[in-house]
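All remarks here apply to the structure that follows.
Derivation of every value follows stated rules applied to the coordinates shown; laboratory data play no part. As the structure is a computational prediction, the values presented were derived from the model and not from experiment. Virtual Cβ from ideal backbone geometry, glycine too; neighbours counted across all protein chains shown.
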Amino acid sequence: MSKPGSCKCGGHTGETCKEAGLRNIVMVGNPNVGKSALFNRLTGSYVTVSNYPGTTVEVSQGRCKIDGEEFSVEDTPGMYSLLPITEEERVSRDILLADKADVVLCVVDAKNLKRMLSLALQLVEASLPVILVLNMMDEANRLDIQIDEGELEKKLGIPVVGISALSGKGVDILKKRIQSYRHQESTAEVFYGDVVEGAVNALAPLMPSGVGLSQRALALLFIQNDPNISVLVRSMEETSPDFLDSTLIELEKNLSDPVGYTVPMMQHSTAEDICNEAFNPPADREPSFAQRLSDWTMEPLTGIPILMIVLYYGLYKFVGDFGAGTIVGFLEEDIFGKYLSPWINEMLMAYVPWSPLRELIGMQYGIVTLGIRYAIAIILPIVGTFFIAFSIIEDTGYLPRLAMMVDRIFKKIGLNGRAVIPMTLGFGCDTMATMVTRTLETKRERIIATLLLALAIPCSAQLGVVLGMVATNRAAMAVWAVFMIGIFLLVGFLTARLMPGDRPNFYMEVPPLRMPRPGAVFIKTYTRMQWYFMEILPMFILASVMIWLGNITDTFKVVVSWLSPVMGWIGLPKEAAVAFLFGFFRRDYGAAGLYDLQKVGALSGNQLAVAVITLTLFVPCIAQFLMMKKERGLKMACMMALFIFPFAFLVGGLVNVLLKLTGIQL
Amino acid sequence: MKTNERIEETLEKLWEQLEENTGGKLLPEILDPKQNVFLDTLVEKGLVEKFQDGIRFTETGREEARLAIRRHRLSERLFHDIIETNQDDMEEAACQMEHVVKKEIEEEICRLLGHPETCPHGKPIPAGVCCQKARLSGDKFVAPLASLKRGEKGVIAYIKAGDSKKLQKLMAMGILPGNPITLTHAFPSFVFTVGYSQYAVDRDMADAIYVKRTVHDHAK
């Protein structure tokens, strides 16, 4: 695989890192049509491809060489229409608005051409230099769908190329068409009826010129009440607000349906007309096995057992037993425990006379013996196996089905089924998941999801260690699980009540179930692991250094002595304070610290339950906190942390008291 | 309230209790005193009769009650679907309107609403002559997606434009009037197929999509 050459540009502003002189290709299209797969084909770099609508949340940039000429390529988050609904759609639209793209690739799923052509029409109408890319031609062919590309070209007045981004078929032809692209003269236009056309013609000259979209397209967006365009137009000095308002009122009066209905309706019916001759679907066919399996996943009676099987084999057996058990056991006890750590310590004793330096590198809390050991021997296998399992599940397209199953429950906690992606990803890495909360539609949902991730969703490293600790004590495991689920639901429920806002709506495309491709799973796991390691290894080393500093300056002892009474209050041994202190640096780090404590038998059953519950709830790790700050703002991030910190200990104390009062010994 | 209106109201209440709840007979004690006073009038007019220790509709009475309840629920549908008034206004307006609706207008309303089978509260609307005709002639019924049976097919009739955001989302995804639609799951969420795409939505969204049903009439 070639080295990833894409640079991620900040998501919300649509800024570019376009280099002077290069021709610029922008890829747009509906969610889940394979834009990212095509991006990887064109640039030879890698961005995550998945069978889940809306995985791309950031704009990816890369370079593509065609016949010696270099192009810069931008991959954008999926959009259904030029009129944006979600944050990601706005990002994509703003890129088209701001940039003068040399070629715009409108990528559609060939078998769904009928409904996706409407976006292509809108782009054409905006005078963008569009090439229509019919992706997934192989899937369409398998369904016996005939598409007449020549007829489409004639009707639309733009180049049309059928490809399969996954197999690479047709990509060479596409490249040639990109290179030889010349602006087309007579392209398709939608006729919206006299009333709308009248308003558009009156408004178009008043729209800003010289931006990425034509004045006609801007006028269409303006009459559909696009807030950004409205602000843009109204801020222009030469426009009179009275004229704008009177035109809009007049338009509304003369139309029997709302503008927001008429305009997309006409776009779609034009698209349909074009498709009538060029797109020939076959008669109905027998449902395939994949379709039947898909039905089972969405039927509670069969879907819940399927979910249980996925969780048992995917999470418990593969991540828990194999990752956290077998591999951690091997790396931690054999490699580090028997060979590496003793060897390092011996070397240090032999060659490094200055004891603080010895402590920095090795011994109890050194960079190698603590930082690197935790990162490589405990965290890596657990997170790695989790990402493999997650990538396989993601690639099959199971997650939207899960979203459909949990929507009703999620509604109770102020979220909707869509939040299933950040929530399940949180079991892998809460930091990554916090970034992905961006795909949620309302601010309220994003805040609730961020809080729940920080509070009640243990990341895979934490989960692995926690499961490892309670594996021998099933009762403690049950208490932990019940409390975590309870707190997740309760806090979600209360936050949803406390925060005003509309009930979120759930709507989602359900992509077909597909067989996961090993190559894609490998690459996806690899990139996630790479991201994860870039993020955590420095943190682990930093944490080791901080702990070392804390130790030699005695601040560490002071903080531990502050924490010790808290430990006493929730019924834990004093030594647990160290683990919680580690937890400040990384959640999983703290978990790993407790793991050490439990291994030497310092915890009773009740203490074990209290410890794992408190630690799971305990503050987000530094990386997650920084991500919270980036996504939600400093104030919100601090408020959440200030809530979580006492809350974790409060619940810990409560569990302790409850167990004591009821006389239960776990 | 005029006597006729009071009779109609009472017939409706009796319908709910006799035909939709207990069925058959009803003890006079269950009726509240106000209705009880009326009972004599109803008996006098030949709408109900004493039966064992309770009462039951006469043939005429049942028909009168059926039509009254039909007008009431159709009026509710009208205010709910077309005029989009809120719940309280809907009740009040429907209560006034049902008494002034003539037979022809009733059928017109019924046709406009696409011969609905249930009121906004989900209670059945007794079928009128027009409904039966429409059913026989293979005419389509318009109903929200949420009220379709699993596996049922139809054509999207319109998307309720009450909430423009919702409309925008559905239309953007390609869920458009005129397209054939199949409901594949109704619980825990609604899943349906349009073209080659499958979508999952919640009840709120499913209620906004109105579908012309293809009627296979052997069922009823």
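Count the net charge of all other residues whose Cβ sits under 15 Å from the Cβ of A:A217, scoring Lys and Arg as +1 and Asp and Glu as -1.
Every neighbour counted, the sum reads -3.
Between A:V107 and A:V28, A:G29, A:V133, the built amide H atoms are under 5 Å apart, and every one of these is 5 or more places off in sequence or on another chain. Electrostatic tally near A:G168: other residues with Cβ closer than 14 Å to its Cβ, Lys and Arg +1, Asp and Glu -1, net +2. Near the amide H of B:G54, within less than 5 Å, lie the amide hydrogens of B:L26, all on another chain or at least 5 residues away, with H placed in the peptide plane.
Taken as Cα centroids, the range B:149-212 and the range A:123-157 sit 26 Å apart, rounded to the nearest whole angstrom. Debye calculation, C-alpha points only, no solvent: report log10 I(q)/I(0) for the range B:141-219 at q = 0.21, 0.25 Å⁻¹, in the same order as the q values. Log10 I(q)/I(0), no solvent term: -0.87, -1.26.
How many partner chain Cβ atoms sit within 10 Å of a residue's Cβ in peptide A:264-274, on average, as a whole number?
On the way: counts 7, 5, 0, 2, 7, 3, 0, 2, 3, 0, 0.
What the average comes to for A:264-274 is 3.
Compared with the dominant Cα axis of chain A, that is its longest principal axis, helix A:443-455 is turned about 20°. The distance from the alpha carbon centre of the range A:78-101 to that of the range A:288-347 is 39 Å, rounded to a whole number. The value of relative contact order for the range B:141-219, using C-alpha pairs under 8 Å at least six residues apart, is 45 percent. The local environment of A:L248, defined by Cβ-Cβ distances under 13 Å, has a net charge of -3 under the rule Lys, Arg +1 and Asp, Glu -1. Annotation: amide H of A:V130 within the under-5 Å range of A:V104, sequence separation 5 or more or interchain, hydrogens built in the peptide plane. Counting only alpha carbon atoms, the long axis of helix A:259-278 and the longest principal axis of chain A meet at about 80°. The equivalent ellipsoid that matches the C-alpha gyration tensor of chain A spans semi-axes of 51, 27, 25 angstrom, in descending order. Helix-only arithmetic for chain A: the sum of -39500 (n - 2.57) across DSSP H runs with n ≥ 4, divided by the residue total, places the mean residue ellipticity at 222 nm at -18000 deg cm²/dmol. Note that the range A:300-662 shows a convex hull volume over its alpha carbon atoms of 141 Å³ per residue.
Between helix A:634-662 and chain A there is an angle of about 50 degrees, using the helix long axis and the longest principal axis of the Cα atoms.
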